[in-house]
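Notes follow the structure.
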Amino acid sequence: MDPNICALIPAYNHAAALVGVVRAAKRIVPVIVVNDGSTDGTERALAGEPGIEVVTHPVNRGKAEALRSGFRRAQELGYSHVISLDADGQHLPSDIPRFVEACRARPEAMLVGVRDFNSPDVPAARRRANRFSNLWFRISSGVYLGDTQCGFRCYPLEDTLCINARAERYGYELEIMVRAAWLDIPLIPVPVGVVYNEATARGSHFRPVVDFLRLTRLNARLLALAFFVPRPLRAIMSKGMLKGLSFREKLGTIGRELFCEHMASPGRFAAAIALGVFFALAPIWGLQTLSALAAAHALRLNKAVTAAVCNLSIPPTIPFILYCNLVIGNALFGGAPLDLRISEMTRELAAAYFVQWLAGSLVMAFSCAALAFAIGYSAASVRGRCRRAGP
């Protein structure tokens, strides 16, 4: 079944450029315009333009609310996909067929317009801001896109309306993409043209300082979620599935998802345990948990399991671990009797013991990690067989 596609144009005080954008777009697809509290005659201009659907906000509520209102109205009218573009003339309606074609090929995907930032017309500040945004997006989502700030996109409505994106103004478009990636909705780039001139620059409502700080705070929040929260729990949160649950139900759901990620994959679950054991014993005291979390994030392993296991190196066990490391290292270096009396300790002897301890730490960390992997893999495999054999 072919997707039913419309264009959505959020507008706030863009009367001068809006009519031209609407007329060009409606030659290709049906058009919905959200008049977001404009005070410049936009309502009057739209009244003289037949064949379009207009949603009106009595007061300005920001781009995020304009998009949400447009999405809801598009769904009410029976559309399955929405192509959003700006009202200031920066986006070219002539690129809409590219989205239509890509949408028909991949209706499950969210299509993201990618501008050519190598063009000499692109302001240097925009180029730098886009690179900064792309970097944070890639870290948070694990997906590379050449342009994460372009509002020219095609949204699959059913999936988009299920995404629990809370950000306002320009942050909404960024958050909805990150959460879409967490929900395994494909993000596919579509090359688009862009118009940068005095008129489009003057029509932009982006506030360089305030909105940049808002986006920075949003990126920090999304990055923290990506780093500390397992992907299945992020998916649940991104769909708003924790809303309406009691505190006990929320706690149970969070605990289950925190520790059960990759349980169905014995190798990945065992690797998370082994990684925690390795960093618990590795000679990087004071940085063990942070290093373990960073490694688990890079390897896409269960961070909660890794962090929990890593904390085996708590104060009561630390002296025992240190002594075992020194004994193992001493054996590697010939096994001379250890003499740890302070009165007999020299600088040369302390340096030798430090090298032995360091070597012993690495041997013990690797050996125990390998053992932990074997035990974890066996336990997860047995659990998986028991669950499959259950009623």
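Does residue 21 fit the bill of being within 23 Å of residue 147 (Cβ to Cβ), part of a loop (DSSP other than H, G, I, E, B) and in contact with a helix residue (DSSP H, G or I) (Cβ under 8 Å, 6 or more places away or on another chain)? When the stated conditions are applied, residue 21 does not pass them.
Of the candidates 292, 304, the single residue that is in contact (Cβ under 8 Å) with a residue 60 or more places away in the chain and not in a loop (DSSP other than H, G, I, E, B) is 304. Taking strands (runs of 3 or more DSSP E) as the structural unit, those lying wholly within region 45-118 and holding at least 1 residues that are without any contact (Cβ under 8 Å) to a residue 24 or more places away in the chain and not aliphatic (A, V, I, L, M) correspond to 53-57. Looking only at residues that are outside any loop (DSSP other than H, G, I, E, B) and out of contact with any Cys (no Cβ under 9 Å at 6 or more places or on another chain) in region 1-10, which one is farthest from residue 108 (Cα to Cα)? If we take residues in region 1-10 being outside any loop (DSSP other than H, G, I, E, B) and out of contact with any Cys (no Cβ under 9 Å at 6 or more places or on another chain), then 10 is farthest from residue 108 (Cα to Cα).
The single condition among (1) of a type in the set (D, E, K, R); (2) over 29 Å from the mean Cα position of the chain (by Cα); (3) surrounded by fewer than 15 Cβ atoms within 10 Å (Cβ to Cβ) that residue 26 does not meet is (3). Restricting attention to region 319-343, the residues that are under 10 Å from residue 357 (Cβ atoms) and β-branched (Val, Ile, Thr) add up to 2. In the set (1) surrounded by 14 or more Cβ atoms within 10 Å (Cβ to Cβ); (2) under 16 Å from residue 266 (Cα atoms), residue 370 fails one condition alone, (1). Only one entry in 131, 169, 138 is at pLDDT below 95 and touching a Gly at 6+ places or on another chain (Cβ under 8 Å), namely 169. Determine if region 343-352 includes at least one residue that is closer than 30 Å to residue 234 by Cα and part of a loop (DSSP other than H, G, I, E, B). Checking region 343-352: not a single residue is closer than 30 Å to residue 234 by Cα and part of a loop (DSSP other than H, G, I, E, B). Out of curiosity, is residue 305 of a type outside the set (S, T, N, Q) and at pLDDT below 85? So residue 305 fits the description; yes. Scan region 353-366 and tell me whether some residue there is surrounded by 14 or more Cβ atoms within 10 Å (Cβ to Cβ), free of Cβ contacts under 8 Å to residues at least 24 places away in the same chain and out of contact with any His (no Cβ under 9 Å at 6 or more places or on another chain). Checking region 353-366: not a single residue is surrounded by 14 or more Cβ atoms within 10 Å (Cβ to Cβ), free of Cβ contacts under 8 Å to residues at least 24 places away in the same chain and out of contact with any His (no Cβ under 9 Å at 6 or more places or on another chain). As an exercise: evaluate residue 13 against (1) buried (at least 17 other Cβ atoms within 10 Å of the Cβ); (2) not in a loop (DSSP other than H, G, I, E, B) and give the number of the one condition it does not meet. (2) is the only condition that residue 13 fails.
The values are calculated or read from the model by the stated rules, or taken from the named source; none is laboratory data. A quick note: this is a predicted structure, and the numbers were derived from the prediction, not measured. Cβ atoms come from the backbone with ideal geometry, glycine included; neighbour counts cover every protein chain shown.
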